[in-house]
1. Please give the number of the condition Thr44 fails out of (1) surrounded by 13 or more Cβ atoms within 10 Å (Cβ to Cβ); (2) under 25 Å from Leu205 (Cα atoms).
2. Of all the helices (runs of 4 or more DSSP H) wholly in region 163-271, which have at least 2 residues that are without any contact (Cβ under 8 Å) to a residue 24 or more places away in the chain and surrounded by 15 or more Cβ atoms within 10 Å (Cβ to Cβ)?
3. Looking at region 24-51, I want the residues that are touching a residue at least 24 places away in the same chain (Cβ under 8 Å) and over 19 Å from Thr197 (Cα atoms) and have a partner that is assigned to a helix (DSSP H, G or I) and not charged (D, E, K, R) with Cβ atoms under 8 Å, at least 6 apart or on another chain. Which pairs are those?
4. Residues that are closer than 19 Å to Val201 by Cβ and of a type in the set (Ser, Thr, Tyr): does region 94-101 have at least one?
5. Return yes when Gly70 is surrounded by fewer than 15 Cβ atoms within 10 Å (Cβ to Cβ), under 22 Å from Phe90 (Cα atoms) and modelled with pLDDT under 95 and no when it is not.
6. Collect the residues in region 228-239 that are touching a helix residue (DSSP H, G or I) at 6+ places or on another chain (Cβ under 9 Å) and more than 11 Å from Ser39 (Cβ to Cβ), keeping them in residue-number order.
7. Among the residues of region 106-121, count how many are over 16 Å from Arg83 (Cα atoms) and either outside the structural domain of Arg151 (by TED's automatic domain parsing) or of a type in the set (Lys, Arg) (or both).
8. Considering region 192-221 alone, what residues qualify as being within 12 Å of the chain's Cα centre (by Cα) and more than 29 Å from Glu241 (Cα to Cα)?
Amino acid sequence: MPSLIELRDVWYQYNPNSPLSYWALKGINLRIEKGEFVSIIGPTGSGKSTLIQHFNGLLKPTKGEVIVDGIDISKTKDLKAVRKKVGMVFQYPETQIFSETIYDELAFGLRNYGYPEDEIEERIKEVTKKLGIDYIPLDKSPFLLSGGEMRRVAIASILAMEPEVFVLDEPLANLDPQGRKELLREIDYLNRKESLTVVIVSHDLSEVSKYADRIVVLFDGSIIMDGPPEEIFKNVEKLIEISLGVPQIVELLYALYKRGADIPYNVISIDEAVKIIAKWRKSLGNRDKLRTIPAS
């Protein structure tokens with residue numbers, strides 16, 4: 001079965017034929033499968049935003065191929081079908097919101113594709129309820145909303161189109177801790193319960209690793225790691241070296257491991273970590289021995 005999105009040896013060059021030319025992507029090979037929750041992680045300037053803009057044809061590769069559900073975007077000029085399949089929310093929602101009312105903002109894409117008004121109204125009602133913004137009057141200006149509400153409106157405007165793949169660029173930026181948790185839970189629900197394929201771009205492993213099935217680590221335009229969170233966290237020192245934050249529980253377990261504890265440290269579940277530490281402490285015989293473990 002073909003992948004929903006496949007990149008084959010993709011290179012992308014900014015400012016070609018100029019002194020400012022540079023390669024933002026270098027030989028990217030990547031597949032996104034139906035129903036996955038993938039997080040693309042990397043430090044600032046690693047090429048994350050450039051990469052995801054290839055997923056729906058906002059950018060086309062300088063070299064290589066991008067196939068979206070069987071459509072080679074480098075060879076087609078009509079990208080309407082691709083952009084209906086792959087919905088994207090940018091980091092700053094105000095950059096993609098422009099309508100005078102929330103209703104018109106949510107209806108814009110649907111009207112553009114010729115949906116009847118009664119279906120548009122039904123979809124808007126459904127998506128605002130899913131995202132917990134059905135309490136906001138639809139005749140209100142989206143520019144009067146809080147940052148979190150505006151982000152949810154931007155997300156709702158894409159979800160109303162019922163894309164097969166939902167791509168979010170730094171969706172947690174500038175949200176408070178509670179807002180980050182709530183938004184991630186909502187996105188996770190859409191992935192688990194409605195089989196929506198999700199791709200989230202972030203620079204912080206701590207948040208998204210709790211939900212992602214798979215993490216792709218990008219550095220200097222190249223993929224340097226790709227696998228489930230547990231596999232990625234086996235490379236703690238490399239992640240720290242490239243300035244990526246790892247979850248605190250991984251830091252704790254790794255610190256104990258470095259001091260001589262014979263325990264796994266690639267664990268993201270707090271409950272599992274508690275069991276591991278309890279078992280290890282029990283194996284020591286008594287708590288006083290904790291203080292005698294030599295530093296590495």
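The values are calculated or read from the model by the stated rules, or taken from the named source; none is laboratory data. Not measured: the values here are computed from a predicted model. When we count neighbours, we look across all protein chains shown, and the Cβ atoms used for this are built from the backbone with ideal geometry, even at glycine.
1. (1)
2. Values: elements: 177-194, 205-208, 229-232, 236-241, 248-258.
Where helices (runs of 4 or more DSSP H) fall fully within region 163-271 and carry at least 2 residues being without any contact (Cβ under 8 Å) to a residue 24 or more places away in the chain and surrounded by 15 or more Cβ atoms within 10 Å (Cβ to Cβ), they are 248-258.
3. Qualifying pairs under 8 Å: Ala24/Thr50; Leu25/Thr50; Leu25/Leu51; Ile28/Leu51.
4. For region 94-101, residues closer than 19 Å to Val201 by Cβ and of a type in the set (Ser, Thr, Tyr): present.
5. no
6. As a first pass, look at region 228-239 and keep what is touching a helix residue (DSSP H, G or I) at 6+ places or on another chain (Cβ under 9 Å): 229, 232-233, 236-237, 239.
Result: Phe233, Val236, Glu237, Leu239.
7. The number of residues fulfilling the criteria is 0.
8. Thr197
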